[in-house]
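Trainee: Here's a structure for you.
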Amino acid sequence: EQPPLDVCAAFVTEGGNLEAKNVIHVVTPIHYSFDTPQFNHNLIEICILNALQLAMHRQAKTVCIPSISTGGACFPMDIVATLTIDTAANWASLNDTGSVKHIKICNFNGEEYETYKRVFNQIKVRM
């Protein structure tokens with residue numbers, strides 16, 4: 001039996017019937033309230049960084065990141081989109097990414113796609 005994992009812990013399973021060889025999972029935080037948003041934002045960033053580091057350690061070539069914690073965990077999608085794009089871009093620019101050559105964002109519906117597209121365009125203008 002697997003002991004409980006801490007929030008932000010990353011672990012790998014086989015990809016099963018997916019095209020991916022492996023799937024990296026992270027234990028995501030739940031967005032309890034807006035009273036401590038910076039704490040919650042830091043946890044999302046740590047989840048993304050842990051997944052990227054584990055992908056590099058496992059010698060993955062491509063990493064696909066979903067909209068972490070925006071479903072049942074109730075994080076606002078626009079905030080998560082900004083954190084995801086910024087965190088992944090900063091990680092790639094500041095680190096030797098090893099085998100990781102591509103970081104992709106995977107969206108599951110039109111709302112996610114439009115949100116990430118809008119946020120990406122806002123970030124691109126800042127750069």
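The values are calculated or read from the model by the stated rules, or taken from the named source; none is laboratory data. All of these numbers come straight from a predicted model, not from anything done at the bench. When we count neighbours, we look across all protein chains shown, and the Cβ atoms used for this are built from the backbone with ideal geometry, even at glycine. Surface areas here come from the heavy atoms of the whole protein model, side chains and all, with no ligands, DNA or RNA. Shrake-Rupley method; radii C 1.70, N 1.55, O 1.52, S 1.80 Å.
Trainee: Which numbered condition trips up ALA89, out of (1) closer than 24 Å to ASP6 by Cβ; (2) among the hydrophobic types (A, V, I, L, M, F, W, C); (3) modelled with pLDDT of 90 or more?
Mentor: (1)
Trainee: Only one of these conditions is not met by LYS104: (1) in contact (Cβ under 8 Å) with a residue 40 or more places away in the chain; (2) under 14 Å from the mean Cα position of the chain (by Cα); (3) under 24 Å from GLU14 (Cα atoms); (4) in a loop (DSSP other than H, G, I, E, B). Which number is it?
Mentor: Status for LYS104: all satisfied but (4).
Trainee: Hey, among LEU52, LEU83, LEU43, which residue is part of a helix (DSSP H, G or I) and within 18 Å of ASN22 (Cα to Cα)?
Mentor: Within the list LEU52, LEU83, LEU43, the selection yields LEU52.
Trainee: Please go through the stretch 19-41 and pick out each residue that is under 28 Å from GLN59 (Cβ atoms), out of contact with any helix residue (DSSP H, G or I) (no Cβ under 9 Å at 6 or more places or on another chain) and either at pLDDT 90 or above or of a type in the set (D, E, K, R) (or both).
Mentor: Answer for the stretch 19-41, where residues must be under 28 Å from GLN59 (Cβ atoms), out of contact with any helix residue (DSSP H, G or I) (no Cβ under 9 Å at 6 or more places or on another chain) and either at pLDDT 90 or above or of a type in the set (D, E, K, R) (or both): GLU19, LYS21, VAL23.
For (1) open to solvent by less than 60 Å² (accessible area, probe 1.4 Å); (2) under 20 Å from ASN107 (Cα atoms), each residue gets a yes or a no:
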residue: ILE44; (1), (2): yes, yes
residue: ILE48; (1), (2): yes, yes
residue: LEU54; (1), (2): yes, no
residue: ILE65; (1), (2): yes, yes
residue: CYS74; (1), (2): no, yes
residue: ASP78; (1), (2): no, yes
residue: LEU83; (1), (2): yes, yes
residue: ALA88; (1), (2): yes, yes
residue: SER93; (1), (2): no, no
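Trainee: Here's another thing I want to ask about it. May I ask you to list the residues in the stretch 107-127 that are touching a residue at least 12 places away in the same chain (Cβ under 8 Å) and in a loop (DSSP other than H, G, I, E, B)?
Mentor: The answer is ASN107, PHE108.
Trainee: Within the stretch 111-125, can you find the residues that are among the hydrophobic types (A, V, I, L, M, F, W, C) and exposed (fewer than 13 other Cβ atoms within 10 Å of the Cβ)?
Mentor: Across the stretch 111-125, the qualifying residue is only VAL125.
Trainee: Scan the stretch 47-67 and report the pairs whose first residue is under 10 Å from VAL100 (Cα atoms) and β-branched (Val, Ile, Thr) and whose second residue is open to solvent by 80 Å² or more (accessible area, probe 1.4 Å) and outside any helix (DSSP H, G or I), with Cβ atoms within less than 6 Å and a gap of 6+ or a chain change.
Mentor: So the pair list comes out as THR62/HIS102.
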